[in-house]
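Throughout, read-outs are computed from the coordinates displayed, never taken from laboratory work. No experiment lies behind these values; they were computed from the predicted model shown. Positions of Cβ are generated from backbone atoms using ideal geometry, with glycine treated the same way; all protein chains shown enter the neighbour counts.
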């Protein structure tokens, strides 16, 4: 049987192809490929055991990387709401939303990226605060509209809320004093106006 | 309490014993402790009370019967024994004792594909459950309606690494349409009904139900839900069946404007039982039909508008038609990479109408001009009403071109003499003879690899649901067990399992099931003493570096004899017809061992990553 030739190169494949008169066609566009940006998906799901696992497992299996995920039940005990932030191009995130819809426990998925929304995140930061720096730290906390929730010898715990970038800014600001611990909830997002994703489901 | 990885173990406890134990084991005397103790005893003590009451296992059998299940494929084990204890009370439920749970899952799959009904397989916890996994994955990738049921350890022992406990729910979660863990017999009627509803509604797929042993044993009076109650209980599952009227109008306009349209028919046509609608639509609009591997049978190959099988090993003329088409009408298919090759060079002149019941499939692999979300039957029926009747003469030039290409393509890679250049049987010839001698009316079940491609190309399919093949997952060893289910599903048809020596050696233990249950599967074993498709890729893509593609096989006649399966061997073209007729004449399972050419390739072939215009049609010798 013949394999590669003496140069180790394979023989050229026998090719054929349609040859309508107007020259080579442009390559077919692939789905997606647009600019990557941060997207916010709101998923309303049945509050059942394992539903968080289903959502996170699907995102992993479909190669989407979740930036943050916040979950809690809604006003109705049997329905939970997830706020998922992820980076991707518009088509890829649309695909993520469609895949989420395939889950039986998912009632509604909405990409609110382009819509006017309220976005808030809460962070607790345990900041090193010695006698010499405590006053400065407290001043910064005050300016950033943070709140001290615990004071101990050598440290304070500060609560800040705001958009992701506001929390980022505060964390950057106090980093020079030393951050002993940091925990963030991830963004929770709600569309502005009187429309309601939860009422839409009930209808 | 803070625990970090790598921390040293706690120091030994001091002399004073704490009043509460510092572990998750419940304290003695509590209700939890009593439950764990009962569960442990239950694991050791089998058997039910002599006084017969309705238990969870009864509910399961009732629910299966209500769903119209007549046969299921299973293997007993410790925690599922409560079911086996009462199975004798349900003689209308046929239980097929498989030899390996994977075979049971494939059999349920084969049954589902030929009947369009939901296939059912079962296994016990632990290894029984994990053995089902390959079959469940096969069903998922090919959208086959299946309900897989496993037993699990008693609820109180879950999470304690009990004997034969594995987190099977976690394992099947990403590879089922939905899955359940049932700990309470009162939930069983609802869960089983939901599982069947989900498995067959919308885009079909496998659903897994894990049932704890105590739920199977528990007394219950729970009633079975009505169809309306099931739907009401699944608010997140409302598949969209009707295509959007605006999209359908757009599609009709595209079809009216197209000069070189091609229909791409997929598995969705078969799932929706839309084969007649497909033919009516194609005839009215005079559009040739190409099909995917799983779309085989959507239109009879004898129909004048049936053009052929597309893709990596599809017909050259079909791929050529797709590459020069100005409109593709894709129905119930998903533009798999085996169909498109390199998407950048796929159908470069075509606009695409894509109708699928699963919105996630649309725009996933290729960007399309007209997306339609809906059931293939309803979409086709709507389109038939919207398109104009086309006079074939207006497409005369197009049809002449297609006929030219077809003539040119059929002449290549065909060994009408029956022998390949090494003198041994040519596999394409063998497949063609099986098709002819069964009058193209059998069910043909492929394994995976070269045999699968030869079957798809040369058997000549006439009927819907007559071709069973593991397309998406490409599961070797699929053929024999799937044929077992297919034969039980359609006993009115002859059932042929087409397999290679590689795949056959993966699951041939099911021969014994065929014998024990007297299931008349005819097995065509194409033995090239190679992992043929591996060898082909190694020859063409890996510069002839044949590592591990040479496969030693047993004496298959002796093997079949040991199982009690009548068998015959054919090595020359003259013996082929007699061998096939021998198998047809056997009442029960039979095996034909075809000694085929060792180095025959399936051509044409689209190398992975290349486009449909880059087909390899010849390699090495003059007569592939």
Handout entry: Number of partner chain Cβ atoms within 10 Å, mean per residue of B:538-547
Key = 3
Exercise for the section: Treating each Cα of chain A as an identical point scatterer and ignoring solvent, apply the Debye formula and state log10 I(q)/I(0) at q = 0.09, 0.12, 0.18 Å⁻¹. Expected result: -0.55, -0.77, -1.18
Handout entry: Share of alpha-carbon pairs per 5 Å distance bin for the stretch B:414-595, given as whole %
Key = 1, 9, 18, 23, 22, 15, 7, 3, 1, 0
Exercise for the section: Would you mind giving the three semi-axes, in whole Å and largest first, of the ellipsoid equivalent to the stretch B:305-362 according to its Cα gyration tensor? Expected result: 18, 12, 12
Practice task
Report, to two decimal places, the Cα Rg of the stretch B:495-599 normalised by 2.2 N^0.38 Å (N = number of residues).
Solution key: 1.14
Practice task
Mind jotting down the three principal axis lengths of the stretch A:118-189 based on Cα atoms? Whole angstrom, largest first.
Solution key: 38, 19, 18
Practice task
Among DSSP beta bridges whose residues both lie in chain B, state the antiparallel percentage, nearest 5.
Solution key: 5
Problem - Relative exposure of A:74, B:572, B:340, judged by other C-beta atoms within 10 Å (fewest first) - result: B:572, A:74, B:340
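Using Cα pairs under 8 angstrom and six or more residues apart, how large is the relative contact order of the stretch B:323-474, in percent?
Dividing the mean separation by the residue count of the stretch B:323-474 yields 13 percent.
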Fill in the blank from the handout: Computed over chain B: longest principal axis from alpha-carbon atoms vs helix B:479-489 long axis, angle to nearest 10 degrees, is 80
Handout entry: Paramagnetic label zone (point 7 Å from Cα along Cα-to-C-beta, residue A:136; backbone N under 17 Å) in the stretch A:160-194
Key = A:170-180
Fill in the blank from the handout: Fewest-first ordering of B:318, A:149, B:191 by Cβ atoms within 10 Å yields A:149, B:191, B:318
Completion exercise
Taking alpha-carbon centroids only, the stretch B:51-100 lies from the stretch A:189-203 a number of Å equal to 46
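Would you please report the Å³ per residue occupied by the convex hull of the alpha carbon atoms in the stretch B:45-124?
So the per-residue Cα hull volume is 84 Å³.
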Completion exercise
Output field shielding_mean for B:235-241 (other chain Cβ, 10 Å radius) holds 4
Exercise for the section: Report the percentage of all Cα-Cα pairs in the stretch B:56-232 whose separation exceeds 21 Å, rounded to a whole percent. Expected result: 40
Problem - Kirkwood hydrodynamic radius (C-alpha pairs) into Stokes-Einstein, chain B, 20 °C and 1.002 mPa s, D in µm²/s - result: 82
Completion exercise
Percent relative contact order for the stretch B:518-566, counting Cα pairs under 8 Å at least six residues apart, stands at 32
Completion exercise
Note on the stretch A:40-157: C-alpha Rg/Rh, Kirkwood Rh, two decimals, gives 1.14
Practice task
Quick one: give the max-minus-min coordinate of the C-alpha atoms of the protein assembly as shown along each principal axis, largest first, in Å.
Solution key: 96, 76, 60
Practice task
Rank the residues B:405, B:619 as a footprinting-exposure proxy: fewest other Cβ atoms within 10 Å of their Cβ go first.
Solution key: B:619, B:405
Practice task
Note down, for the stretch B:245-409, the three equivalent ellipsoid semi-axes (square root of 5 times each alpha carbon gyration tensor eigenvalue), biggest first, whole angstrom.
Solution key: 20, 18, 15
Practice task
Provide a whole-number value for the mean count of partner chain Cβ atoms within 10 Å of the Cβ atoms in peptide B:609-617.
Solution key: 4
Fill in the blank from the handout: Scoring the stretch A:118-189 by relative contact order with C-alpha pairs under 8 Å, at least six apart, yields a percentage of 52
Practice task
Whole Å is fine, so just give me how far the alpha carbon centre of the stretch B:114-188 lies from that of the stretch B:201-259.
Solution key: 19
Problem - Rounded Å value of the spacing that divides the Cα centres of the stretch A:88-138 and the stretch B:372-400 - result: 48
Problem - For peptides B:225-232, B:56-63, B:443-450, sequence by mean Cβ density within 10 Å, most packed first - result: B:443-450, B:56-63, B:225-232
Practice task
Provide the FRET efficiency to the nearest 0.05 for the residue A:60-residue B:492 pair, computing r from the beta carbons and using R0 = 51 Å.
Solution key: 0.65
